[in-house]
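Shown next, in structure tokens, is the structure this report addresses.
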Amino acid sequence: MEPRLEQVMEWVKEASAMAQHLRGGNLRVRHKSKADLVTEADTAIESFLIDKINQNFPDHSVNAEESGEHGEDQDHQWFIDPIDGTLNYAHGLPQYAISVAYAQKGALRLGVIANPPMAEFFSAEAGKGAWLNGAPIRVSDTRELIDSMLITGFRHHLIDTPRSNINNFVRLSREAQVIRRLGAAALDIAYVACGRAEGFWEIALNPWDVAAGILMVREAGGVVSTLYGEGHLLRGEVDILAANQEIYPKMQAILAEERSKTL
Ligand code: IPD
Ligand code: CA
Ligand code: CA
């Protein structure tokens, strides 16, 4: 049996209510590493979503941020980021998301990204389209970088390395209208899908950050690939570029040029 989008949306809506409820109370937080936190919402929402999957699809495998990989069946895979933008969430900034995706034989089939404080629920289904709160979404038709809002992020552990992303940020800042660092990659990608931003790139993300968003941008008429044409989008460290069709090659060329200076 295949999961249905409405079913996943129901789970994510329940998870969103949990996120808001827990944020409203005395949130328990612990350090995962020097500059990374895990809150009780990350663990509670992840367990809640994994329970739903196990109850409904006991054979499916899951790749989830806090508890890692479960299950053997690589033909049916789920990707879960229970709270994307945990640092925003912990600091009380409303820019955070819950992201859930399902892939069959390695092909993304369903994706849901929720931003609970804004009551925004993005969704996508392979071959059927992408939606925001049920209304169809499309990438923007902006053609020039100078008219484009781009979004990116920086990984703390890469900050003193050639993969810091700082040079890309400086270079694209000269070419684009503006670049934002919003702090929740899943939402960054959803914003490309609905045309609020023209492009998003980031280095060293994880499959659970991007899986739902990849399907969303593609279903909304945009392009997604690994940043330099190497590696995978749903395995290991993910360097990603997502944009509308006009902006994609322009960003890709600039990012490749910047990278060649560091090699
Ligand atoms: C993080 C956010 C952030 C991105 C980081 C991610 P998390 O996810 O998506 O925008 O820059 O690289 O790790 O840890 O809050 O789920
Ligand atoms: Ca994340
Ligand atoms: Ca997370």
- prompt: Can you name the condition, by its number, that residue 81 falls short on among (1) open to solvent by less than 20 Å² (accessible area, probe 1.4 Å); (2) more than 11 Å from ligand 1 (Cβ to nearest atom)?
  reply: (2)
task: Go through the range 189-205 and count every residue that is among the charged types (D, E, K, R) and within 21 Å of residue 256 (Cα to Cα).
output: 2
- prompt: Within the range 31-62, how many residues are away from ligand 1 (no atom under 11 Å from the Cβ) and open to solvent by 20 Å² or more (accessible area, probe 1.4 Å)?
  reply: 14
- prompt: Regarding residue 54, is this residue in a loop (DSSP other than H, G, I, E, B), without any contact (Cβ under 8 Å) to a residue 12 or more places away in the chain and out of contact with any Asp or Glu (no Cβ under 6 Å at 6 or more places or on another chain)?
  reply: no
message: Yes or no: the range 153-175 includes at least one residue that is over 22 Å from residue 210 (Cβ atoms), of a type in the set (A, V, I, L, M) and not assigned by TED's automatic domain parsing to the domain that holds residue 124.
response: yes
message: Being at negative phi, modelled with pLDDT under 95, in a loop (DSSP other than H, G, I, E, B) and loosely packed, with under 15 Cβ neighbours inside 10 Å: is that true of residue 160 here?
response: yes
- prompt: Can you tell me which residue in the range 114-141 is farthest from the chain's Cα centre (by Cα), limited to those that are open to solvent by less than 30 Å² (accessible area, probe 1.4 Å) and within 13 Å of residue 247 (Cα to Cα)?
  reply: 140
message: Just to confirm my filter: which strands (runs of 3 or more DSSP E) fall fully inside the range 168-257 and include at least 3 residues that are more than 13 Å from ligand 1 (Cβ to nearest atom), crowded, with 18+ Cβ neighbours inside 10 Å and of a type outside the set (Asp, Glu)?
response: 238-243
message: Of everything in the range 122-163, what is polar (S, T, N, Q) and in contact (Cβ under 8 Å) with a residue 24 or more places away in the chain? Give them in sequence order.
response: 123, 140, 142, 148, 152
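The values are calculated or read from the model by the stated rules, or taken from the named source; none is laboratory data. Just so it is clear, the structure is predicted and the values come from calculations on it, not from any experiment. Heads up, the Cβs are rebuilt from the backbone with ideal geometry, glycines too, and the neighbour counts pull from every protein chain shown. The protein model used for the area step is the full one, side chains on, heavy atoms only, and it has no ligands, DNA or RNA in it. Shrake-Rupley method; radii C 1.70, N 1.55, O 1.52, S 1.80 Å.
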